[in-house]
Amino acid sequence: MPNRLHATKEDSAVVALVMMNQRLAEQTDKELLEYVKQHDPETYVAGAQGYWYKKIVKTDAHAIKEDMSPDVRLIMSTLDGKMLIDSRQIVNFSDNDLIVPIREVLLLMRTGEQTEVLIPWYAAYGTTGNQFVPPYANIKVVIETY
């Protein structure tokens, strides 16, 4: 921890950025909760990292497990419906490519199911985004397993 007597402008800037991101995260949580309330609140479940999910299609097929490599379609959009990604891929749980909420929800799913996940920016692609997702984007992901 830096000595407060020798705090720099950079220290102050870092603290300001952290505080700003905390306020943005709190606002995001409120926005997601409002989205849930407006779109079938009885079916959404709160996840551990600030995300929400609901099963759209349920099956009694085999449960997805970490030692499997499921065939998965991810349809990702902004909460207002702007399409970001639509991809079908074989998922390997040992790869670090999956964001945590998608990984956690996949492990709650069974083959042939479809689940919608609302993910806040801080649990998705963060302050930087990626080539498909802009920074600070809250996203809706429909996960289909085959």
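Every number in this text was worked out from the coordinates using simple rules, so none of it is lab data. If you're wondering where the values come from, they're calculated on a predicted model, not measured in any experiment. When we count neighbours, we look across all protein chains shown, and the Cβ atoms used for this are built from the backbone with ideal geometry, even at glycine.
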With Thr111 itself left out, Lys, Arg at +1 and Asp, Glu at -1 over residues whose Cβ is under 12 Å from its Cβ give -1
In the chain, lysine pairs with alpha-carbon atoms under 28 angstrom apart (chain gap of 8 or more, or interchain)
19
Taking the Cα atoms only, what angle lies between the long axis of helix 9-38 and the longest principal axis of the chain, rounded to 10 degrees?
30 degrees
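If you average the sequence gap of Cα pairs under 8 Å that are 6 or more apart and divide by the length of the chain, what percent do you get for the contact order?
Details: 240 pairs, mean separation 37.7, N = 146.
Here the relative contact order equals 26 percent.
Report the extension gain between Lys37 and Ala25 in nm, rounded to one decimal, defined as 0.36 nm multiplied by the number of residues separating them, less their alpha carbon distance. Mind dumping the intermediate values first?
Numbers: separation 12, 0.36 × 12 = 4.32 nm, distance 1.83 nm.
Length gained between Lys37 and Ala25: 2.5 nm.
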Which of Ile85, Ile139 has the fewest Cβ neighbours within 10 Å, and the rest in rising order
Ile85, Ile139
With no solvent term and unit scatterers on the alpha-carbon positions of the chain, Debye gives log₁₀ I(q)/I(0) at q = 0.09, 0.11, 0.22 Å⁻¹ of -0.34, -0.48, -1.43
